[in-house]
Each structure stands twice: as structure tokens, then as C-alpha cells.
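**Student:** Quick one: this structure, given as C-alpha cells, is what I'll be asking you about.
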Amino acid sequence: MLDRKFILENVAQVKQNNANRGVTADVDRLVTLEQQRRAKRQEADELNRQANETSKRIGKAKDPAEKEAIKDEGRRLREQKDAAEAEHDRLDAEIFDILRLIPNLSHPDAPVGPGEEANREIRRGRHEPRKFGFKPRDHVELAEMHDLIDFEAGAHVAGHGFYFLKNEAVLLELALQKYAVDLLLAEGFTPTITPDLARTDVLQGVGFIPRGPETQIYSIENSDLNLVATAEITLGGMHAGKVLDAEQLPLHYCGVSHCFRTEAGAAGRASRGIYRVHQFTKVEMFAFTRPEHSDATLERFCDLQCRLFDGLEIPYRVVDTATGDLGGSAYRKYDLEAWMPGRGDAGEWGEVTSTSNCTDYQARRLGTRFKQKGEKGTQFVHTLNGTAVAISRALIAILENFQDEDGAITIPGALQGWVGKDRIGVKM
RNA sequence: GGAUGGGUGGCCGAGUGGUCGAAGGCGGCAGUCUUGAAAACUGCUGAUGUCGGAAGGCAUCCGGGGGUUCGAAUCCCUCCCCAUCCGCCA
């Protein structure tokens, strides 16, 4: 959520930003309604003040008849106040409906454009895409060769989009988790394993919409719980409604969770294999920072992602996400796209991680603030999230990049210790 | 799933229907004392909105929502959440 006062004072900027992001929201109407709402608020406050004053006079009145007269006046004032307040609440609800459509502001350096075509490549990994002397297989084929992923069994028990990891794929998942957590631990992150479910108000605070036709969220029937789509939800909700001390900041968490996504409307879109699935495991980074530190923290998260993938020897590029592709909460977002040799005709970049600076947009909705000692009032913290490793996508990159002509797969050196071998598919 | 007890300011914790934004404590800030610090003592110290140049004023906020009343942290209803115990269970 943006600050209403800010919107009123920067109408043109907000409108331009909406346009850059491809969002339609009636900002003019919001401005009108907000002005009306404020007037109603003042009216209600004034009536309430008079009513309070009247109530105090009742005790002092001696004559019973006079007392009754004052009571009547008090009742009348309360009624008027209630009416003004009801109108205020109606306006407020309408304003909120518009407000929730308005996305965060955008970083001035973020490329402006309608979609991912406008993303700007800003960086490459240490390893360039390898030249294959043969036609590389895609991860589905490789997984089948080595019995690493059982799609059929997954569909059998849970439907399309679910799968069993098997054999070395399991070891790779565990190794990737350990690899990512260890690195972040050394960087001062507090490691957590978060709940895989969260309440609806937490989802909404972080910016996820658990209802509606286009929802990505699985909800638990007869409860207020939802399966999380990312640990960003649970980590972001940790301090909802709290006022933190400025000295506590920044807080850096890393969270391991399962991620569940309905992928509504994504049918047929790069749906082969485990690129887009209903469940996967992810190690997530999350930070609560002071406003002046969020830009630098985004760079740090991006650097950490690069270190993680450089360490796995996976080729990748980093793109600065265009305004039209930022989503609602992000002020700036970097995507790390790994080279996936089995995608498309001759390989394609595929998003493996993503990191966003959400500034105070999530915090305002979540009510996560901080207080600077000796200063009056509170401020909203800034929140940032970033993928350390999304296991399913990392698996694709590993299988496809490290395959040999006979289909054998070399396990990245960084993971060999945990997997317990250096190759998959070597004939004994 | 059953039983009970709770949800009050940054934190802990009192609170008779009006004098309660709310005792007390902790924490924080300032001062006294001290070479300095600690301790001790004294004073100050909630958030949000709104008006005002400022000083300050006003309104709201005691889990959420509804009700009773001229007036509710306090009484009633309802929902949510949290804790403990029992049962079941990895």
C-alpha cells in the first residue's frame, strides 16, 4: 500500500508510475473520495467532541428535568456522529478498494517498459553457457534416464503438477538446502524453517490475494489458513503489527519452506517438467531494514544470489526487471536467469531466483514499524525478499548444464560432499 | 477433539461504568551526584489522525465486530487469537 497522503500530494507521479507498470487505477477518484473522507472525519470528530462535552454536563446538572434535556441532546449528537462516521467508513472502504490496486513506486533506474522484453541485462555469471558437442537433453529426459523424478506417481496421488523426487534428486535437494543455508548462516542470516501455512491476513499483508479466480494460493477449507506460496509470506508476517527498536535493524532471516502454487491460468506455459509446478522447496532470504539501507540490501541480496550460483558453476545472467513486470509490491526487482540448455530449440534463460526491494509498501499493510529512540513517532520498516535457492529450478539448471553426451550428470563440486558422489549415471 | 485461563502502552502488569490514555514496574530520555562510568535520587517519556507557524488543541485507540447507556478497558452477545492441562499422534 502507498501512503494516502503521498498520493494526494503526488498525483501526477503516481499516475505516471501506474502507467509505467501497466496498471489502471482511478487515482482521481481516490483523491476526491479521500478529500471527502477527511471532511467527514472532521465532522464526526467535532460532533463527538460536542457529545463528550454534553455527557460531562449531565453529572453537574441538578434539576432532573434539565438532566433529561441534556441527555436528549447527547443522544441526538451521538446519532449525528454515528451517521457521519458511517459515511466516513463507506468512503474509506471505497478508497481502500482503489488503493489496493495501486502498485508501489518504482526505482528511478528500473527500466521502463510493459513486460519482460524490456528487462535490462545488468550482469553475467562467472561461467558462460557451455558449448555442447551434441544435442543436450532436457531435464525431463535426463530425469527419466536416471529415475530422478516420478511425474506419473505425483499425478497419481496429487494430480498434474506434482511429482516425486527420487534417488539422487533427493540428495541434490537436501544438498542445495544445506549449501544455501550454510552460506547465509555465514553471512549473518538467522536460519529458520517456517510454517508452510499462514493465515489469510498475513498473506494479504505481504501482498498475496488468497481469493478470486486468478489466485495462486491454495486455501484450506473451513479454516483461515492457506498453503504458503513462498516463505516470504511467513517471514514477512513474523513482525506484523509490531514496533521494533531501530537498533534491532536490520534483521536478516533465511527461511526454508515448501511453496505451493495453483498456477492458475498458466496451463501450457513452459509447463514441461518441473519448471512450473504446484509444490517445491525453497530457501528464501528476507530482510527488515531501515529505509536508508534498503537499496544497499537489495544489491547485497543480488550479490548473494550470484555467489550461490557461481558456486554451483551454473551460467546465468541478472536482469533489472522492467516496470511492467514488477508486480504490485516491488520497488525494484532483480531476476537471476540460469542457462537451461534443454529449453526451447537451443537453450534459453530461465528464471531461477528473484530479489525485490518492497520499500515500505508491504510494511504499511503489515503494520511493521520501528522506533528511533529519542525521536517522536514511528516509521515503517523496509522489507526485502530474495530467493536463495528454489530447488526445482536449480535442479533443472544442474541436470541440463552438467550432462554429458551419454546422459551422465556431473554433480557440482560444491554439492558433492553432501550428495556423496560426483556423478549420476556412471556405469559401475 | 475436550477442559480451563487469558488478550491492556516499546515490554511486563493493575484497573470500582463517568474524575482512565489508563496505577505500578522495566526500558528509554534529561538532570543531580561522580574525574568518568555504574549505583542512587528527581523529572520527563504511547500510537494514529486532524487543526495550528509554533506552543498546543481536538478526535480515536485497552484482540475484532455488534449491543446496553447520556457515557464502556470495565456490563451483555459474538467471532478471532494466544497459553496451559487432558486425549490422540510424528
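**Student:** Taking interchain pairs and intrachain pairs at least six residues apart, which have beta carbon atoms under 6 angstrom, with the first residue in segment A:67-86 and in the same structural domain as A:Asp45 (by TED's automatic domain parsing) and more than 9 Å from RNA strand B (Cβ to nearest atom) and the second of a type in the set (D, E, K, R) and modelled with pLDDT of 80 or more?
**Tutor:** Once the first residue is in the same structural domain as A:Asp45 (by TED's automatic domain parsing) and more than 9 Å from RNA strand B (Cβ to nearest atom) and sits in segment A:67-86, its partners that are of a type in the set (D, E, K, R) and modelled with pLDDT of 80 or more give A:Ala84/A:Lys40; A:Ala84/A:Glu43.
Let's see how each residue does on (1) closer than 29 Å to A:Leu304 by Cα; (2) outside any loop (DSSP other than H, G, I, E, B):
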position	(1), (2)
A:Gly133	no, no
A:Arg137	no, no
A:Gly154	no, yes
A:Ala169	yes, yes
A:Leu176	yes, yes
A:Tyr179	yes, yes
A:Asp182	yes, yes
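**Student:** OK, next. If I go through segment A:294-330 residue by residue, how many of them are open to solvent by 10 Å² or more (accessible area, probe 1.4 Å) and in a strand (DSSP E or B)?
**Tutor:** 1
**Student:** Can you confirm whether segment A:246-256 contains a residue that is more than 21 Å from A:Leu395 (Cβ to Cβ), loosely packed, with under 15 Cβ neighbours inside 10 Å and within 16 Å of RNA strand B (Cβ to nearest atom)? It would help to see each step written out before you state the result.
**Tutor:** To start, the set of residues in segment A:246-256 that are more than 21 Å from A:Leu395 (Cβ to Cβ) comprises A:246-253.
Filter again for loosely packed, with under 15 Cβ neighbours inside 10 Å, leaving A:247-248.
After this cut, where a residue has to be within 16 Å of RNA strand B (Cβ to nearest atom) as well, the list is A:247-248.
Yes, because at least one residue in segment A:246-256 is more than 21 Å from A:Leu395 (Cβ to Cβ), loosely packed, with under 15 Cβ neighbours inside 10 Å and within 16 Å of RNA strand B (Cβ to nearest atom).
**Student:** Is there any pair linking a residue in segment A:1-17 that is closer than 13 Å to A:Leu105 by Cβ to one that is within 12 Å of RNA strand B (Cβ to nearest atom), with Cβ under 6 Å and at least six apart or on different chains, and which?
**Tutor:** Pairs found: A:Met1/A:Arg364; A:Val14/A:Ile7.
**Student:** So which strands (runs of 3 or more DSSP E) are wholly in segment A:331-415 and hold at least 1 residues that are without any contact (Cβ under 8 Å) to a residue 12 or more places away in the chain and open to solvent by 30 Å² or more (accessible area, probe 1.4 Å)?
**Tutor:** A:348-357
**Student:** If only one of A:Ala394, A:Ala390 is touching a Lys or Arg at 6+ places or on another chain (Cβ under 7 Å) and among the aliphatic types (A, V, I, L, M), which one is it?
**Tutor:** Of A:Ala394, A:Ala390, the one residue that is touching a Lys or Arg at 6+ places or on another chain (Cβ under 7 Å) and among the aliphatic types (A, V, I, L, M) is A:Ala390.
**Student:** What is the number of the single condition among (1) closer than 27 Å to A:Gln372 by Cα; (2) of a type in the set (A, V, I, L, M, F, W, C); (3) assigned to a strand (DSSP E or B) that A:Ala240 does not meet?
**Tutor:** If we test A:Ala240 against (1) closer than 27 Å to A:Gln372 by Cα; (2) of a type in the set (A, V, I, L, M, F, W, C); (3) assigned to a strand (DSSP E or B), just (3) comes out false.
**Student:** Do you know which of the residues in segment A:139-152 that are farther than 11 Å from A:Gly273 by Cβ and in a helix (DSSP H, G or I) is least open to solvent (accessible area, probe 1.4 Å)?
**Tutor:** Only one residue fits best here, namely A:His146.
**Student:** Assuming A:Asp92 fulfils every condition listed in (1) in the same structural domain as A:Gln35 (by TED's automatic domain parsing); (2) surrounded by 19 or more Cβ atoms within 10 Å (Cβ to Cβ); (3) charged (D, E, K, R) apart from one, which condition is it?
**Tutor:** Here A:Asp92 meets the rest and fails (2).
**Student:** Right, here's the next one. Which residue, of A:Ser219, A:Ser223, is within 14 Å of RNA strand B (Cβ to nearest atom), touching a Ser or Thr at 6+ places or on another chain (Cβ under 9 Å) and free of Cβ contacts under 8 Å to residues at least 60 places away in the same chain? Walk me through how you get there before you give the answer.
**Tutor:** Values: A:Ser223 fails: touching a Ser or Thr at 6+ places or on another chain (Cβ under 9 Å).
Result of the check over A:Ser219, A:Ser223: A:Ser219.
The values are calculated or read from the model by the stated rules, or taken from the named source; none is laboratory data. Here the structure is a predicted model, which is why all the values come from computation and not from measurement. Reconstructed Cβ throughout: ideal geometry from the backbone, glycine too, with neighbour counts over all protein chains shown. Ligands, DNA and RNA are excluded from the accessible area calculation, which covers all protein heavy atoms including side chains. Shrake-Rupley method; radii C 1.70, N 1.55, O 1.52, S 1.80 Å.
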